[in-house]
Amino acid sequence: MPVKDLGPNRLVIRLFGNRPRSADAEKYLTSYLNYLNSDGELLVLPDMGSSGIDGVYEDLLKLGLKGEDEEHPDMYFVGFANPSYIPWAHKITAKYLDGSEPFRSHLWIRKGSTDFEFNDRKFRIENENERIAHTNSWNTPCYTPATSEVVTQAFIEHCCRSYKMDHDGYHGFYHWMRVLQNGRLIAEAEKPKIKVVELFALLHDTQRQNENVDPEHGLRAAKFAKTLRGKWFDVTDTEMELLTEALVNHSEGYTEGNRTVRVCWDADRLDLGRVGIRPASDRLCTVTAKRADVISAAYSRSRS
């Protein structure tokens, strides 16, 4: 979700996957709110002033979405007074408790002051009030993933620590999050082995050694993945074979192969906008990824 700040007041729309929505509601969401830029679950409206937000809220109530006053609402308002509804992933300054140099880490903001450990050293992250007072010390990526068997706070941190380059570059954390988002969106129609797609998103560039030409990074990622199996994730032999193929060949430009592997490759290629390239449909592998609306939404995310 390309949202740069929460602002003083935001309308959050929770798009429950198992809750039916009317055709008119889908049309409104697509036409006016471009909800394909969400992760399929949460949509945060951009800052449009209180009257604009109120108008959208009323429109969606009329179209059948539940308001915040109802049980299990589809929509609610959120501001800094109540940030715990949305676990935004922030890159923030983490200060070691022994007073030494700060370590910059990718962590999901949690409510209140919290102490963590990294490399057997304790450090502290800023709480919400400090985050407001020191807004220059953190940046928001474009996507906060829903957790799963694979996508956990601990595993994401482990992958981030294994990456030896700058996460602000083309192949770091923010790219992984968009690839994960792309893969999950494509998977809704293509029905791949989703665990493989999620693992691919988090692992495929972890072993890069430079931002430009690194033909062996996919092979190194596959070898790295094998060391994690049974420790950080469990997969079948078939899933491991698919993950290995996806990792090894993800930079080769192939378009043929197993459905799960093709979804992995498309998820990565749809994020080419970060380097100024609009994805070309003939270089994509799946019917879903080739759709003009999917390409457009992914390109928008990658350029935000």
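The values are calculated or read from the model by the stated rules, or taken from the named source; none is laboratory data. These numbers were taken from a predicted model, which means no experiment stands behind them. Please note: Cβ atoms are built from the backbone with ideal geometry, for glycine as well, and neighbour counts cover all protein chains shown.
Remarks
- Check on residue 224, over 30 Å from residue 297 (Cα atoms) and either assigned to a helix (DSSP H, G or I) or not assigned by TED's automatic domain parsing to the domain that holds residue 285 (or both): yes
- Residue in the stretch 146-167 that is surrounded by the most Cβ atoms within 10 Å (Cβ to Cβ), counting only those that are over 26 Å from residue 289 (Cα atoms) and among the acidic types (Asp, Glu): 157
One line per residue, one yes/no per condition, for (1) assigned to a helix (DSSP H, G or I); (2) closer than 17 Å to residue 190 by Cβ:
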| position | (1), (2) |
| --- | --- |
| 253 | no, no |
| 266 | yes, yes |
| 277 | no, no |
| 285 | no, yes |
| 295 | yes, yes |
| 299 | yes, no |
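Rundown of residues vs (1) buried (at least 16 other Cβ atoms within 10 Å of the Cβ); (2) modelled with pLDDT under 95; (3) β-branched (Val, Ile, Thr), yes/no style:
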position: 139; (1), (2), (3): no, yes, no
position: 175; (1), (2), (3): yes, yes, no
position: 192; (1), (2), (3): yes, no, no
position: 196; (1), (2), (3): yes, no, yes
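- Those residues of the stretch 208-254 which are hydroxyl-bearing (Ser, Thr, Tyr) and over 26 Å from residue 169 (Cα atoms), in sequence order: 236, 238
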